[in-house]
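**Q** Right, I'll just put the structure down here and ask away after.
Where a number appears in this text, it was derived from the coordinates with a stated rule and is not lab data. Just so it is clear, the model here is predicted, and its values are computed rather than measured. Glycine gets a Cβ as well: all are built from the backbone with ideal geometry, and neighbour counts include every protein chain shown.
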Amino acid sequence: MQSAKLSSLWLYRTLAKVPALRRSYQFKIMLVAFLGTHVPLLTLLAFFILSNPLPLAQATGILLIALLATLVGTVLTLLALHFLLAPVSVTSTALQDYLKSNTVPYLPTGFRDAVGILMANTGITLRKLDRLIRQMANYDELTGLPNATNLRTQLQQLLAVARLRQRCVVVLALGLEGIPDISTTWGSEARDRLIREVAQRLSLPLQETDLLAHTAPDLFNVVRADLYSDEGIALLAQALIACFDQPFLIGSHPAYVGVNVGISLFPNDGQTPEQLLQNAEAALQHARQEGRNQKRFFSPELRQLSQERLSLEGDLRQAIEQGQLLLHYQPRIDLETGRILAAEALIRWQHPQLGMVSPARFIPIAEETGLILPIGEWVLRTACEQCRVWKQAGLPPIRIAVNVSAVQLEQQSLTDLLAQVLQDTGLTPEQVEIELTESILMGDMQRAVQVLQQLRQRGSTIALDDFGTGYSSLSYLSRLPFDTLKIDQSFTRALTTQAEVAVIVKAIVAMAKSLGLRITAEGVETVEHLHFLSQLGCHEAQGYFISRPVSAASMTHFLENPPLALKNLQTT
């Protein structure tokens, strides 16, 4: 049917090939009308003259009158066709204007012939299309809530009213936690359904005059006018946080999503939508540093910290490219023999202006921005290459311990990366120990178990770092394939001064032994610590009493010439 309709365009296609007719549809119509009226008339006139011999003057007169009458009739016909073709021209112009300037035209809808219906349908279609485009430009497709553009527009209007009436406007930024884990575990469709349910839950504690917007995949904004007390604002934030107390269901599986809230106020924290939204997000970033389900008000100090953080993030990207990162190494010893068993690789950043930047400052930034992936690969490769240098120098064989973050475990093919590095450096899997903190237990447990089992199967040893400071439980320890448990330094330092800490450490050692784990004590600073841990049955020790983290050159010297205290330990 469609091909039959298109085949009827043969005459239009033919005339369109003529250069003079290509651009004007009206000219095509008038040319056809002109030829259609003149060819038959002139043919009839010539036949009349030829079949009825007349005097030249009479024949000329008849011819001129016929031509004049034909010309007048043609002009009137073409003029009428011009106006009859006006609906087509108006419709075409309306479409061109809409494409160029997004101007929605008015086209009449009262005519019932084909061209009238064309005009009416075109006008209706353009109005519907314009509404749809404006909807897509101003509302989030996933949730149907106002998007970032619409939020700024409405917030601008609220601020204009607030200035006239000297009223307050509260802007809240709600950052969702755990969305990447859900997407990785259950897929993007499950994530989208969860985001829609989040939008529904957040709308429950809000008033009709509040503004709720979805401005980023893991970010919602709430705006409320005429809320003046800090207590009232805190109650609103807490009501929004409470929306996440109950788990979301993905099929039959419960999924827990956290949220943090950053708060900014007009007029104290900003005069424009951009300032208020930026400051609310700055407060949100600091709330995230305190854990899940936290709220934080914006303050000038936060602005400065946020600016410093952004500056540090930019410098960190350059640090990777410019080789400002370096590794220090801290040895671990066997408490029974005093022999050096391993060295933990610890990253340092030598900033050209700030000097040595603490990992506590830049590692969280690296994890939030994804820079931890290239940094982690660099650490693993550099540490393994250094271990190869020590091996080739004929120094006593040791393991190299490398810290891996939860982000690397979730987003990076860690097993493939380690296999490639081992191949490039010639090390065996037994020479590399992977250290993970308890934060991995808050992520995708199923994936963590899978990756760690793959590492274990390939021969690498796995250590749980900073034990006792986070979320560990016996069920987690029994499920995850750890080889070594590292007691956090805060316990070790209080071991000889606080009896209750000693009891805790004894319990940890007993539990680890029952699970078949080796025990390493961090934070060993005195000989008393060393002897106490040895009596408890700890296998390894690490801390300032043995050595501070040192450069690769100093670590080489340490391996060549162990300190006298370690030599004495070997003989006792």
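**Q** If the chain between Q318 and N293 were fully stretched, how many nm would it gain, using 0.36 nm times the residue separation less the Cα-Cα distance? Please list the in-between numbers first.
**A** Details: separation 25, 0.36 × 25 = 9.00 nm, distance 3.30 nm.
Taking 0.36 nm per residue and subtracting the Cα distance, the gain is 5.7 nm.
**Q** So, one more: Using a 7 Å offset from the Cα along the Cα-to-Cβ direction at both S252 and D483, what is the distance between the two label points in nm, to one decimal?
**A** 3.9
**Q** Could you give the length gained by full extension between L67 and E231, i.e. 0.36 nm per residue of separation minus their alpha carbon distance, to one decimal place? Walk me through the numbers on the way to the answer.
**A** Numbers: separation 164, 0.36 × 164 = 59.04 nm, distance 9.45 nm.
Between L67 and E231, full extension yields 49.6 nm more.
**Q** Something else about it: Just tell me which aspartates and glutamates come within less than 18 Å, Cα to Cα, of K391; anything on the same chain fewer than 8 places away is out.
**A** Straight-distance partners of K391: E344, D424, E430, E433, E560.
**Q** Starting from the Cα-Cα distance between A242 and S92, subtract it from 0.36 nm times their residue separation and give me the gain in nm to one decimal.
**A** Numbers: separation 150, 0.36 × 150 = 54.00 nm, distance 5.58 nm.
Once the chain is fully extended between A242 and S92, it gains 48.4 nm.
**Q** Among the aspartates and glutamates, which fall within straight-line cross-link reach of K506, defined as a Cα-Cα distance under 19 Å, with same-chain neighbours fewer than 8 residues apart omitted?
**A** Answer for K506, where 19 Å is the Cα cut-off: D334, E336, D465, D466, D483, D488, E522, E525, E528, E540, listed by chain and number.
**Q** Where the centre of each part is set by its Cα atoms, how far does segment 270-335 sit from segment 394-421, in angstrom?
**A** 26
**Q** Going by average Cβ neighbours within 10 Å, how do the peptides 389-398, 478-487, 554-563 rank, with the highest at the top?
**A** Packing order, densest peptide first, comes out as 478-487, 554-563, 389-398.
**Q** Looking at L341, Y329, L305, which one has the Cα that reaches farthest to the positive end of the dipole of segment 293-376 (charges on Cβ: Lys, Arg +1; Asp, Glu -1)?
**A** Positive-end residue among those listed: L305.
**Q** Given contacts defined as C-alpha pairs under 8 Å and at least six residues apart, what's the relative contact order of segment 139-201, whole-number percent? Provide the component values of the computation, followed by the final result.
**A** Details: 21 pairs, mean separation 21.0, N = 63.
Relative contact order here is 33 percent.
**Q** So how far apart, in nm, are the two label points at T497 and Q420 if each is 7 Å from Cα heading toward Cβ?
**A** Simple spin-label model gives 4.7 nm for this pair.
**Q** So, one more: At 4 °C and a viscosity of 1.567 mPa s, what translational diffusion coefficient does Stokes-Einstein give for segment 481-549, taking Rh as the Kirkwood radius over Cα pairs? Give it in µm²/s as a whole number. Before the final figure, lay out each step's value.
**A** Working: Rh = 11.8 Å.
So the translational diffusion coefficient is about 110 µm²/s.
**Q** What net charge is computed for the residues neighbouring L346, neighbours being all others with C-beta under 13 Å from the C-beta of L346, Lys and Arg scored +1, Asp and Glu -1?
**A** Spelling it out: positives minus negatives among the neighbours equals -1.
**Q** Based on the Cβ-Cβ distance of Q207 and Q307, what FRET efficiency does E = 1/(1 + (r/R0)^6) give at R0 = 35 Å, to the nearest 0.05? Mind showing how you got there, number by number?
**A** Values: r = 34 Å, r/R0 = 0.97.
Result of the calculation: an efficiency of 0.55.
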